[in-house]
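What follows is one structure encoded as structure tokens, with my remarks underneath.
The values are calculated or read from the model by the stated rules, or taken from the named source; none is laboratory data. All values reported here derive from a predicted model rather than from experimental measurement. Here Cβ is always computed from backbone atoms with ideal geometry, including for glycine, and neighbour counts include all displayed protein chains. Side chains are part of the model used for accessible areas, which takes the heavy atoms of the whole protein and leaves out ligands, DNA and RNA. Shrake-Rupley method; radii C 1.70, N 1.55, O 1.52, S 1.80 Å.
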Amino acid sequence: MQNNINLQWRESSFKAITPFIVFVIFYFGFSVWAGDFSRIPMAAAFIVSSAAALILNHKEKLSKKIEIFAYGMGNKDIMIMCLVFILAGAFTATARAVGGVEAAVNIAQHFIPAQFMVSGLFIISALISLSIGTSCGTIAAIVPIAVSISQAFGLSPSIALGATVGGAMFGDNMSLISDTKIAASRTQNVSMRDEMLCNLRIITIPAIVCTLLYMLPYFSTPTSEIANTVLTFDNYIKVAPYILLLVLGIAGINVMFLLLIGIILNTIIGICYNIFDIFGAFAFIGDGTISMATTIIVAMLAGGLLLMVRYNGGINYIINETGHWIKNKKTCEIGICFLVAIINLFTANNTVAIISSGSIARELSQRYGVDSVRTASLLDTTSCCIQGMIPYGAQILIATSLAASISISSFSIMKGLFYPLLMFIGVIISVSRTKEN
């Protein structure tokens, strides 16, 4: 079977980024008109922009353009992401069925004071993401708990989910097994350990400030009376899959294997407690998988759209335009940040943005004397900032999908999502301190 197609990238073209412009106008335009950003499904926006991409370049046969689009949808990174979505949905559904979410909430109520609960969500999410190397898998595991905790403690769902997503982005940026760190270090040919230490100089203060910010009474004061909880041995058994996720993640186990083990453990717990039989377990696994359908569709459409834009010269246009105003070391660093940010903004995938901009960033850094480790750090950190702040990114889409029971929109979550913005401020301060040469 032929798995690859030969593509000859076209020359730089402004017209090639038209689908991105269509996406922005369609999504934001109709959302503003409706006065509600949750009224426009992300899949619909991607379908419209994808149609615009297929209309471009009328000299090319439609069948060839559809083939290219489909090839982008089936990109290896996109498919791996979709597999994580599928397993995450199944894990979440089975964990909820056996009462794992309620058990986690009971344990949290018993041990963690209410005024520290939001900060606790941020820290726990950061630790898990740091351990397993993926923000998406972390969000899939923690969001159901965050929703239940916000309801039990009378906390704002926007703040609770914002803290969860923010913590996940911390690990996405810092984990040694994160795709973004691997991509950034490989494109610049540097050690991941060195790049992580460089990241620390940028994000340490933002992370501390974010943790303290979530402790402020305005964000953490309960609005309802908190009932006293009595813990039983069953609570610890039912929360065991989440604990295992953290422990094995720290050991460096692959996230998909982790989620698979979690699903199996949830199934065993459910059967032992007579919550469901084996066929009931299959039903929850199936329902959980189907619940992620919208997120998977958006990820695949985004992959196809990106390849079409790249094929028509859109990515080259963005890269070329960025290089025109770079004059020295400081403007080079600004250009590297802008380059990966703008590609991330349009592609909604930080790993893809790093890979797309990595080679030109390496050339620019060599030309203007920017250290390779520094370049990798800027690529990694800036892309994670942008990824955490866009309402159509996979992280926020997963959070809204798993929090469907409270009907929360992407923009509502962004109201409580402080860490990516603080991290971005950290990048700006770091670049501003660079001496020109």
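All of Ile271, Ile263, Ile226, Ile208 fail the test of being surrounded by 13 or more Cβ atoms within 10 Å (Cβ to Cβ), within 30 Å of Phe153 (Cβ to Cβ), at pLDDT 90 or above and among the hydrophobic types (A, V, I, L, M, F, W, C), apart from Ile263. For the stretch 93-109, filtered to residues that are buried (at least 22 other Cβ atoms within 10 Å of the Cβ) and modelled with pLDDT of 75 or more, the residue that is nearest to Ile271 (Cα to Cα) is Val98. Which residues, counting only those in the stretch 74-104, are of a type in the set (Val, Ile, Thr) and either in contact with a strand residue (DSSP E or B) (Cβ under 6 Å, 6 or more places away or on another chain) or within 17 Å of Thr138 (Cβ to Cβ) (or both)? Matches in the stretch 74-104: Ile80, Val84, Ile86, Thr92, Val101.
Exactly one residue out of Ile80, Ile47 is at pLDDT 85 or above and under 23 Å from the mean Cα position of the chain (by Cα): that is Ile47.
Here Ala361 meets each of (1) over 26 Å from Ala160 (Cα atoms); (2) under 17 Å from the mean Cα position of the chain (by Cα) with one exception, condition (2). Just one of the listed residues (Met192, Met174, Met215) is surrounded by fewer than 20 Cβ atoms within 10 Å (Cβ to Cβ) and within 16 Å of Ser125 (Cβ to Cβ), and it is Met215. Part of a helix (DSSP H, G or I) and at pLDDT below 85, is that true of Ala88? Taking the combined requirement at face value, the residue satisfies it.
Of all residues in the stretch 365-421, how many are in a loop (DSSP other than H, G, I, E, B), hydrophobic (A, V, I, L, M, F, W, C) and farther than 21 Å from Ala183 by Cα? The total comes to 4. The set of residues from the stretch 53-90 being surrounded by 18 or more Cβ atoms within 10 Å (Cβ to Cβ) and small (Gly, Ala, Ser) comprises Ala53, Gly72, Ala88, Gly89, Ala90. Of all residue pairs spaced 6 or more apart or on separate chains, those with beta-carbon atoms under 8 Å, a first member in the stretch 53-70 that is closer than 13 Å to Gly303 by Cα and a second member that is surrounded by 13 or more Cβ atoms within 10 Å (Cβ to Cβ) and of a type in the set (Val, Ile, Thr) are Ala53/Thr18; Ala53/Val309. Each residue in the stretch 287-315 was checked for being surrounded by fewer than 17 Cβ atoms within 10 Å (Cβ to Cβ) and either without any contact (Cβ under 8 Å) to a residue 40 or more places away in the chain or more than 25 Å from the chain's Cα centre (by Cα) (or both), and 1 pass. Scanning the stretch 384-399 for residues that are open to solvent by less than 10 Å² (accessible area, probe 1.4 Å) and hydrophobic (A, V, I, L, M, F, W, C) gives Cys384, Cys385, Ile390, Ile396, Ile398, Ala399. Among the residues making up the stretch 316-337, those that are among the hydrophobic types (A, V, I, L, M, F, W, C) and open to solvent by 60 Å² or more (accessible area, probe 1.4 Å) are Trp325, Ile334.
Residues of the stretch 338-354 include at least one that is surrounded by 21 or more Cβ atoms within 10 Å (Cβ to Cβ), assigned to a loop (DSSP other than H, G, I, E, B) and under 13 Å from the mean Cα position of the chain (by Cα).
For Leu379, the requirement of being buried (at least 24 other Cβ atoms within 10 Å of the Cβ) and farther than 16 Å from Cys136 by Cβ is met. Which residue out of Ile318, Ile297, Ile343, Ile263 is among the hydrophobic types (A, V, I, L, M, F, W, C) and within 30 Å of Asn235 (Cα to Cα)? Of the residues listed, the single one that is among the hydrophobic types (A, V, I, L, M, F, W, C) and within 30 Å of Asn235 (Cα to Cα) is Ile263.
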